[in-house]
Amino acid sequence: ATGGRDGRDHHYKEPYRLYNLDVFEYELDETMALYGHIPLVVSQSMKTGTVGAFWFNPTETFVDVEEDPAEAGGADASSRTHFVSESGVIDLFLLPGPGPAEMYGQYARVTGRTALPPIFGLGYHQCRWNYRDETDVFQVHAKFEELDYPYDVLWLDIEHTDGKRYFTWDRKTFPNPIEMQQKLGGDGRRMVTIIDPHIKRDDRYYIHQEATALGLYIKDRHGKKDYDGWCWPGSSSYLDFTDERVRTWWARQFSYDKYKGSTPDLFTWNDMNEPSVFNGPEVSMQKDLLNLAGCEHREWHNLYGMLFHRSTGEGLVRRNDDGNVRPFVLSRSFFAGSQRYGAIWTGDNESKWSHLAIAAPMLLGLNVAALSFVGADVGGFFGNPDAELMTRWMQAGAYQPFFR
């Protein structure tokens, strides 16, 4: 694979790898796998206009890009792409354009159009790992009010739950979640809580009880036992979001009578949905695990995060009686079609100038793949930025569609 717009800067030695993975402290400007992938190639030229090719295959895929520079007085510059997928069928969509609007319209007819986000979703989001308790939340909120600093959403990471059981609250640190949301809502703010796809294997946990009883989990390679992997809660099982019955069940969990302590001002963050499995190969699932239809994980790996994102978004729509309130769901993993379900961010970046510099190119790359509601964590996730870096990152972040 090659970098460089004119084909001269051949600094990539390996093809692009399209395989959704949770990569710890990822390297920059590399062809390695990361959280999400869209197998779409777009070509733009003065002579031929804008055309595209969408290789619809969610299995592990490698893409080699070769570029031939223009010759003086001779042939024009040209590019070739070579796709190699582990499995699946040849399902190729040619998008003839001839202009950008026409080409992306054709792509949208195949994968769907971007959903309009709620207005607050375009504002400033305040998030860290982790706000300790309700007092901490109120202190942060009060400081924003005191400084007359605009913000729209305050986020809670995994520690707000009861022992990392999603759809629950820690009763000691967040004893009054409805009142907390109402207080912030009274000042025009919303809240977001994190909900990941791994489910704690605890027989006292109602989500796990019901999922086990209904047979909703991904199975081991023999198709007999529920898969048991390791993630934040410890021993965990993973719901099979390739199954419509599972997606419908998951969406119902967001109803106000099921998700106790939730209100119309509470929205959702989907993380770890590549899926991330701490004790799995490359921090993900074994490829020979089976979904409920008996298909190996290798066949649908890159779809998992998007289908989880989709199901969560549908749940936030269905929880309201009229079904006419725009959902907000942030996802880390994605595939073609993720634009229909909510925002995407670039994952666990670092508090370094290099990560600020790469943020805009990464987001523009996602834009080329028809993901427009995107952002990079301002200030970085790993580490602590100094005042100058944080200031410059805030300035740049204000221009991101998703600003957190």
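The values are calculated or read from the model by the stated rules, or taken from the named source; none is laboratory data. Here the structure is a predicted model, which is why all the values come from computation and not from measurement. Reconstructed Cβ throughout: ideal geometry from the backbone, glycine too, with neighbour counts over all protein chains shown. Ligands, DNA and RNA are excluded from the accessible area calculation, which covers all protein heavy atoms including side chains. Shrake-Rupley method; radii C 1.70, N 1.55, O 1.52, S 1.80 Å.
Quick notes on this one:
- Using only Cα coordinates, the Kirkwood hydrodynamic radius of the stretch 24-170 works out to 20.5 Å.
- Residue with peak Gaussian network fluctuation, the chain [Cα springs, cutoff 10 Å], from Gln253, Gln126, Gln44: Gln44
- Largest GNM mean-square fluctuation across Thr61, Thr346, Thr212, computed for the chain with C-alpha springs under 10 Å, falls on Thr212.
- Under the convention that each Lys and Arg Cβ holds +1 and each Asp and Glu Cβ holds -1, the size of the dipole of the stretch 255-366 around its Cα centre is about 180 debye.
- Net charge over other residues, Cβ less than 12 angstrom from the Cβ of Ala108 (K, R count +1; D, E count -1): +2
- In the chain, the portion of solvent-accessible area held by carbon and sulfur atoms comes to 53 percent [1.4 Å probe, whole percent, DNA, RNA and ligands not counted].
- Sequence-distant contacts, meaning Cα pairs under 8 Å at least 6 residues apart, place the relative contact order of the stretch 160-249 at 23 percent.
- Probe 1.4 Å, all protein chains present, accessible-area order of Leu94, Leu184, Leu122, largest first: Leu94, Leu122, Leu184
- Cross-link pairs exceeding 25 Å in C-alpha to C-alpha distance, out of Lys225/Lys260; Lys164/Lys352; Lys200/Lys258; Lys172/Lys200; Lys172/Lys219; Lys225/Lys287, comprise Lys225/Lys260; Lys164/Lys352; Lys172/Lys219.
- Within the shell of other residues whose beta carbon sits under 9 angstrom from the beta carbon of Phe120, the net charge comes to +1, with Lys and Arg scored +1 and Asp and Glu -1.
- Rg and Dmax [Cα atoms of the stretch 291-371; Å; Rg one decimal, Dmax integer]: 15.7, 46
- Largest to smallest accessible area among Cys295, Cys231 [probe 1.4 Å]: Cys295, Cys231
- Selection from Met46, Pro385, Tyr217, by position along the positive dipole direction of the chain (Cβ): Tyr217
- Projecting the Cα atoms of Phe24, Asn324, Thr114 onto the charge dipole of the chain (Cβ charges, centred on the Cα centre) puts Asn324 farthest toward the positive pole.
- According to the Kirkwood relation over distinct C-alpha pairs, the hydrodynamic radius of the stretch 37-96 is 13.1 Å.
- Using a Gaussian network model of the chain in which every pair of alpha carbons under 10 angstrom is joined by a spring, one finds that among Met285, Met394, Met191 the greatest mean-square fluctuation is at Met394.
- Ranking Arg332, Arg165, Arg171 by solvent-accessible area of protein heavy atoms (1.4 Å probe, all protein chains present), from largest to smallest, gives Arg171, Arg165, Arg332.
- Positive-end residue, the chain charge dipole about Cα centroid, Cβ charges, pick of Gly261, Asn273, Ala336: Gly261
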